[in-house]
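Rule-based calculations on the coordinates, nothing more; no lab input. Worth saying up front: this structure is predicted, and the values here are computed from it rather than measured. Virtual Cβ from ideal backbone geometry, glycine too; neighbours counted across all protein chains shown.
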């Protein structure tokens, strides 16, 4: 039965029927949402279990995105296929800000954000897989600080990521616990991969190259979470990290010398093994106290000394040829030789012994220097005898709450 016959049988007059028909014809379809409006609407209206798809293509956005709903997955078509570009960003401090548990993001890229690319804050059970963050204009001080940036989070898996061009750290996990960073590449950042004020981390099967510092393991004062410890760094390629430091003035990573392969600052219980260190111009490995920064601190709970650092089974080739710090340049000038593979500043808590700070075992052709920093660098020595010791291996990190 057609609509007109139906309405006549319902007792409507011809005039009323004509009016209804006219109204239907005058209805205008709602305008289609832009990609930016659509994606933010999906993030706001998301429910646990939702999968938000980012299609292939370059998608330009002008404002930050945010997610506050737990149990959501953001899924692209590939880290070089689905690209969120913030090159024309006019609002917001990040590309994507997440405050949610049980969060997964994978197979997409975030480019050219004003601030941090992907910040994940106070979240439990986080998976970042096959995600690329990049500032496409090269290594510039005006780039955002962090690429992939989980902070104050637990059970964090970063797998297959690429981070390029961050003016602080490409892949950074801070004030967090139970962490895996693996199968990833960090390039042309100030710090390639950084574990800061965090506990129980495995960093492995990564490539850190062309950064100012390849991998940093730091513990800093005056932060809500302190006591960084129990990090394993293994099976990584830490190569040619000689990019001049382009951090904004005042940033702590601005003190990292260009040419730093792996730098441990004031962190405890670190195991470094089976890595390849090649051609890092300041030094392949540096172990230093916070005092080396010459920055004052007034935090009574802060421990500024590194302890229980176990370096074994690594391979070294080249490095130390063009150091970027005054003490190291003075050392090279005095010796006429490249800076040794492992540099310890020699600063330790009174009453401690050198073998409580650093143990060296089975590293091929390793060279070493104790800079004697606590005595004004007066008497560096190159002897490893005091560090001929073995520490118990640290436990493997197993993230039972996320899929590995």
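Relative to the longest principal axis of the Cα atoms of the chain, the long axis of helix 35-45 lies at roughly 90 degrees.
The modelled label-to-label distance between residue 249 and residue 333, using points 7 Å beyond Cα along the C-beta direction, is 2.5 nm. Packing around the peptides 170-177, 114-121, taken as the average count of other Cβ atoms within 10 Å per residue, puts them in this order, highest first: 170-177, 114-121. Could you state, as a whole-number percent, how many of the C-alpha pairs of segment 161-291 are farther apart than 25 Å? Value for segment 161-291: 12 percent of Cα pairs lie more than 25 Å apart. Given their separation in residues at 0.36 nm each and the Cα-Cα distance between them, residue 297 and residue 53 gain 83.2 nm when the chain is fully extended. Volume per residue of the convex hull around the Cα atoms, evaluated for segment 115-387, comes out as 109 Å³. Note on residue 356 and residue 142: the model spin-label points, each 7 Å out from Cα along the C-beta direction, lie 5.1 nm apart. Against the chain, whose longest principal axis comes from its Cα atoms, helix 14-26 is set at around 20 degrees. When peptides 181-190, 251-260, 73-82 are ranked by their average number of other Cβ atoms within 10 Å per residue, the highest-first order is 181-190, 251-260, 73-82. Here the simple spin-label model places points 7 Å from the Cα toward Cβ, and for residue 205 and residue 81 these points are separated by 2.1 nm.
The angle between the Cα long axis of helix 326-335 and the main principal axis of the chain comes to about 40°, on a 0 to 90 degree scale. Beta bridges assigned by DSSP with both partners in segment 115-387 are antiparallel in approximately 0 percent of cases. Separation of segment 78-123 from segment 203-270 is 23 Å, based on Cα centroids.
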